[in-house]
1. Nearest 100 Å² is fine: what is the total accessible surface buried where chains B and A meet, probe 1.4 Å?
2. Fully extended, how many nm does the chain gain between residue B:358 and residue B:185 (0.36 nm per residue separation, minus their Cα-Cα distance)?
3. One quarter of the convex hull surface, Cα atoms only: what value does that give for the stretch A:114-194 in nm²?
4. Report the local net charge at residue B:414: Lys and Arg +1, Asp and Glu -1, summed over other residues whose C-beta lies under 14 Å from its C-beta.
5. Beyond 35 Å, what share of the Cα-Cα pairs of the protein assembly as shown is found? Please give it as a whole percent.
6. Under 23 Å Cα-Cα from residue B:276, which lysines qualify once same-chain neighbours fewer than 8 residues away are excluded?
7. Across 10 Å bins from 0, what is the distribution of all Cα-Cα pair distances for the stretch B:106-376, in whole percents?
8. For the stretch B:279-438, what does the convex hull of the Cα positions come to per residue, in cubic angstrom?
Amino acid sequence: MSETLTMTRDAPMPWENRPVLKVEHVFMRFGGLIAVNDLSFSVGRGDITALIGPNGAGKTTVFNCITGFYKPTQGMLRLEHADGSTFLLERMPDFKISAKAKVARTFQNIRLFSGMTLLENLLVAQHNTLMLASGMTILGVLGLPGYRNAERKAVEKAKYWLEKTGLTARADDPAGDLPYGAQRRLEIARAMCTEPELLCLDEPAAGLNPRESAELNALLLGIRETEKTSILLIEHDMSVVMEISDHVIVLEYGTKIADGSPTEVRNDPRVIAAYLGVDDEEVEVVEETLDEIIEGAAT
Amino acid sequence: MADAIAKRHGPDMSAAVKDALLSGLIALGLFGPLVGLRTEQNMRNELVVQGRWGLLASVIGVIVVGRFLLLTLVWPAMAARKERAGPASETPSAVRQAVSRWFAPTSLVFLFLYPVIIVSLLGFQGSLKWVDNFGIQILIYVMLGWGLNIVVGLAGLLDLGYVAFYAVGAYSYALLSSHFGLSFWILLPMAGIFAALWGILLGFPVLRLRGDYLAIVTLAFGEIIRLVLINWRELTNGSSGISSIPKITLFGIKFDASPDGFAKIMDLPISSAYYKIFLYYLILLLALLTAFVTIRLRKLPVGRAWEALREDEIACRSLGINTTNTKLTAFALGAMFAGFAGSFFAARQGFVSPESFTFMESAIIVAIVVLGGMGSMVGVALAAVAMIGGTELLRELAFLKTIFGDNFNPDQFRMLIFGLAMVGIMIWKPRGFVSSREPTIFLAERKTISGSLVKEGHG
């Protein structure tokens with residue numbers, strides 16, 4: 001159904017034009033279980049792209065493939081920077097995907113360094129830059145000024161992100177002491193400190209109240225505006241998905257069932273069926289009636 | 001309310017007597033067979049039961065009286081103090097802060113003055129025991145504790161075979177100095193480098209392991225090194241060890257009775273105390289080097305990466321940190337300091353044998369780090385003083401023989417006391433002496449981080 005929709009369009013979708021990430025025919029098998037089944041999609045440059053689907057649809061598996069925590073069984077993940085350099089993510093170890101290909105991520109169950117302060121969390125995120133500046137530690141131990149300057153810059157950047165996420169007042173508190181919503185924001189700030197080209201957020205609004213959710217929307221829109229970072233997010237909270245995303249991809253049982261703008265996806269009968277749980281026969285009925293309506297509109 | 005009034009009017013005497021007598025009865029049941037009866041073989045190889053009723057009576061007497069005193073005096077006093085100190089317990093942080101602020105510098109000054117104080121009190125000859133058995137011995141373990149602290153405390157990798165690197169350092173110095181006549185000052189860094197290489201060698205296969213599995217493999221590595229030292233007779237002289245290892249010289253000046261020795265040059269009476277005092281300052285400087293490097297590294301990206309690794313390895317990888325290299329640097333650096341300490345140990349003893357590098361040593365060093373509070377320099381130093389100084393003090397308790405008879409050897413109770421101390425500390429201070437963490441950098445205000453938030457690492 002969604003394919004018929006896309007095919008009826010003449011012009012290519014805007015996110016197909018030089019996408020920052022192109023996922024092509026990715027499969028992920030765990031023994032006999034196919035978690036991701038022939039998945040292809042593009043993440044548009046500068047877009048906020050949402051990956052949605054019912055629980056167990058394989059969204060987090062896709063994330064883990066993109067960020068290198070899993071190696072896809074089959075398929076290609078192509079990341080292209082604004083300057084044109086391209087990376088094949090399926091061939092890179094996980095830490096290089098962050099360090100070289102500049103893909104940052106957050107986790108569904110927050111993974112902060114809870115015993116370290118907020119500032120330290122943000123400095124750990126700038127590890128590679130600081131490591132170079134400290135001359136692989138040797139110059140740093142001797143206390144040469146080059147490292148001190150680099151550290152000052154790193155602290156400035158950390159301050160910038162603390163400011164953006166509204167956490168400046170708590171910079172010297174341990175991350176584990178923060179309330180839940182603030183921990184979510186700090187995780188985003190930490191990911192942004194790695195200066196990513198693509199930011200992957202795994203359920204950033206989970207457990208947030210409506211006000212915090214709205215703040216998160218503003219933060220993400222701000223990141224897209226000022227940092228020009230493309231964002232790929234998994235989300236269940238439809239208010240976030242529909243309000244801020246430019247492009248929505250729907251997964252069910254590891255297969256893509258819809259791909260389009262939020263309004264298109266919202267009205268897709270298969271998406272409605274996947275979310276509201278319609279019987280298979282009813283899906284066909286709904287599809288047929290919709291087909292008839294579309295045909296009627298065309299003639 | 002009525003309860004509180006009763007407390008103020010003093011404890012219930014008759015209840016306390018009843019309780020104490022009951023404890024005596026239980027003690028009789030327990031200790032009657034354990035202490036009261038003893039079997040011995042007579043001339044015809046028969047077992048004869050002997051009663052030790054006097055001893056039994058004294059044990060039970062102590063328990064009854066102790067229980068009574070506990071009920072009537074100690075616990076009420078403690079409860080009263082708690083009541084009085086209840087609301088005020090928030091304020092002593094000022095004293096605490098002052099203590100934690102001034103403790104390190106004061107103890108540093110004390111450590112530098114320690115030999116001077118001892119010598120002025122006891123003279124050169126009398127100072128030997130206190131400088132050597134206490135000073136040097138404790139400082140070696142402080143250094144080992146600080147070295148292992150990098151691996152266990154900062155990076156959160158449980159290493160139960162740390163003594164292997166200590167052995168590598170000791171044997172490097174022993175073999176290279178006795179075969180090639182190289183000086184200590186050349187071999188000290190070399191021993192560190194060798195040990196670091198072995199650290200990397202061990203690091204590679206164990207990088208994929210976590211938690212219990214890592215601990216077991218490192219334990220096995222420690223045993224492998226010891227068994228190689230025992231069995232590679234041609235090189236290491238097996239379990240009889242290497243003896244007459246050259247002593248350390250100070251700018252070529254020997255510490256012996258020869259005409260160009262230290263005592264003659266300085267025109268002092270001949271004594272072995274000068275060498276010991278020299279060794280004391282040397283190990284103090286080596287330990288302080290360990291501390292300095294560790295403190296420095298904690299504020300550098302590599303140190304923060306170690307701590308981040310301890311907190312969450314997956315998050316580290318998602319931030320582009322090469323966890324393999326990070327773990328290897330922790331292993332290598334920890335091993336390097338063990339190597340330094342090992343070469344010092346060999347030079348100080350003049351003799352090394354595999355006996356000195358048993359699992360027991362690793363266990364003691366790990367215990368020092370855990371007891372001190374993982375990651376805390378001051379805590380680890382305190383724990384080393386308590387553990388090593390404590391066992392050395394046991395040797396000083398010979399007067400106990402007059403009470404318990406000539407067969408009593410306080411040294412043999414070392415493990416028992418260790419065990420009890422560990423259980424006690426784990427009950428009262430489950431995260432070690434110093435459980436809080438000092439942040440490495442701050443924007444506005446340095447706040448210590450409660451130990452409950454800091455993770456212990458998962459291997």
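1. Counting both chains, the buried surface is close to 3300 Å².
2. Length difference between fully extended and current span is 59.6 nm.
3. The Cα convex hull of the stretch A:114-194, projected and averaged over all directions, gives 5.0 nm².
4. Counting the neighbours of residue B:414, the net charge comes to -3.
5. The calculated P(r) of the protein assembly as shown puts 61 percent of pairs beyond 35 Å.
6. Answer for residue B:276, where 23 Å is the Cα cut-off: B:129, B:247, B:254, B:264, listed by chain and number.
7. All Cα pairs, binned at 10 Å, distribute as 7, 29, 33, 21, 9, 2, 0 percent.
8. 150 Å³
The values are calculated or read from the model by the stated rules, or taken from the named source; none is laboratory data. The structure presented is a predicted model; accordingly, all values stated were derived computationally and were not measured. Note: ideal-geometry Cβ built from the backbone for every residue, glycine included; neighbour counts use all protein chains shown. Heavy atoms of the whole protein, side chains included, go into the accessibility calculation; ligands, DNA and RNA do not. Shrake-Rupley method; radii C 1.70, N 1.55, O 1.52, S 1.80 Å.
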